Amino acid sequence: MFPSFLPTSIHQLTEPSSIDLASQIQRVDITTSLVTQPISTSYIHQGTGGVPIVFLHGFDSSLLEFRRIIPIIASQQQVWAIDLLGFGFTERLADCPFSSESICTHLQAFWQAMIHQPMILVGVSMGGAAAIEFTLNYPEAVDKLILIDSAGFSQPPKVGKFLIQPLGNLATKFLSSPNVRKGVSEKAYFDRKFVTADAQLCAALHLEMPRWSETLIDFTRSGGYGYLLDRLPEIWQETLILWGKQDQILGTKPAQQFQQGLPNAQFHWVDNCGHVPHLEQPEITAQLILDFIN
């Protein structure tokens with residue numbers, strides 16, 4: 001039922017949307033300039049027609065976070081979701097660099113191999129910063145840009161550069177604690193009833209993938225996406241900014257800062273919603289996306 005490369009814990013999923021999306025995850029070998037061997041990259045592709053919509057997930061997450069919104073949009077248009085390099089269920093090769101720049105390089109290679117036409121790029125949280133960087137570096141590949149509670153407007157904490165061993169392993173061991181992850185999930189939602197056992201499993205499955213700890217440390221030490229701020233005015237694509245009105249992860253100040261920094265942007269609050277509108281208010285979020293596209 002599920003692809004063999006997924007952790008065995010995948011069989012503990014209980015919610016239909018999680019089971020359905022997980023069963024459709026595929027992998028493709030993507031050749032990049034980062035390493036000599038191809039990188040086995042996990043992705044979802046649903047729906048047909050229209051400009052392809054491509055979803056990028058947040059920090060220490062996977063494409064499973066789009067389990068509630070993809071079916072809605074795929075009923076009208078083709079949708080992709082990709083596990084970024086170093087995250088989700090994409091292969092983590094030992095000799096591969098893991099940084100924002102390598103994520104961008106890998107994403108461009110995937111786009112060229114699998115999509116190869118201008119796309120509507122949707123970035124959530126850290127995925128928003130990845131989408132911004134990709135749009136700046138490969139503007140010909142992006143038709144429109146959508147940012148959902150996006151990271152990238154503030155400098156990352158400098159402590160990441162000091163995650164040398166054994167401190168790095170201690171940090172990731174702390175982050176992998178079920179109680180810590182549950183606390184983060186509870187803070188991400190406005191309505192905590194969404195923090196179900198199934199949701200917790202979706203948020204933690206990728207931790208069982210080989211080299212999760214090492215690559216998370218490498219990415220954190222690389223410095224993140226803070227250098228993008230001065231380049232926001234270069235983005236000419238129409239941009240939709242969606243923001244949970246009760247976001248307790250990033251707060252609400254960056255929402256208006258993005259609106260002011262991007263020259264061709266429109267903005268919508270998503271009410272009764274925390275940091276994850278695509279999970280907490282998927283119908284409203286999907287409709288806002290489809291209205292913007294059409």
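Here are the numbers:
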{"item": "For the stretch 114-153 versus the stretch 259-283, the gap between their alpha-carbon centres in whole angstrom", "result": "15"}
{"item": "Local electrostatic count at residue 146 - Lys and Arg +1, Asp and Glu -1, tallied over other residues with Cβ under 14 Å", "result": "-3"}
{"item": "Top positive-direction residue, dipole computed over the stretch 23-137 with Cβ charges, set 132, 121, 48", "result": "48"}
{"item": "Positive-end residue of 109, 36, 205, charge dipole of the stretch 8-293 with Cβ unit charges", "result": "205"}
{"item": "Within the stretch 87-131, chymotrypsin sites (Phe, Trp or Tyr not before Pro) in DSSP loop having at most 11 other beta-carbon neighbours inside 10 Å", "result": "none"}
{"item": "Antiparallel DSSP beta bridges within the chain, percent to nearest 5", "result": "25"}
{"item": "Most fluctuating residue given options 225, 189, 138, as computed from a GNM of the chain linking Cα atoms under 10 Å", "result": "138"}
{"item": "Cα-projected label distance for residue 266 with residue 179, points at 7 Å along beta-carbon direction, nm", "result": "4.7"}
{"item": "Environment charge at residue 18 (Cβ cut-off 10 Å; Lys +1, Arg +1, Asp -1, Glu -1)", "result": "-1"}
{"item": "GNM flexibility winner over the chain from 188, 94, 74 (Cα, springs under 10 Å)", "result": "94"}
{"item": "Spin-label pair residue 191/residue 15, simplified geometry with 7 Å Cα→Cβ offset, distance in nm", "result": "1.1"}
{"item": "Average Cα contact separation per residue, the stretch 8-293, under 8 Å, 6 or more apart, as relative contact order %", "result": "20"}
{"item": "Within the chain: Cβ-based charge dipole about Cα centre, in debye rounded to nearest 20 (Lys, Arg +1; Asp, Glu -1)", "result": "660"}
{"item": "Base-10 log of normalised Debye intensity for the chain (one unit scatterer per alpha-carbon) at q = 0.07, 0.12, 0.13, 0.14 Å⁻¹", "result": "-0.23, -0.72, -0.87, -1.03"}
{"item": "Of 129, 265, 81, the one that fluctuates the most in a GNM where the chain has Cα springs shorter than 10 Å", "result": "265"}
{"item": "Alpha-carbon centroids, the stretch 19-97 and the stretch 191-232: separation in whole Å", "result": "14"}
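Readers should treat all values here as calculations from the given coordinates under stated rules, not as data from a laboratory. As the structure is a computational prediction, the values presented were derived from the model and not from experiment. We place every Cβ from the backbone using ideal geometry, glycine too, and count neighbours over all the protein chains shown.
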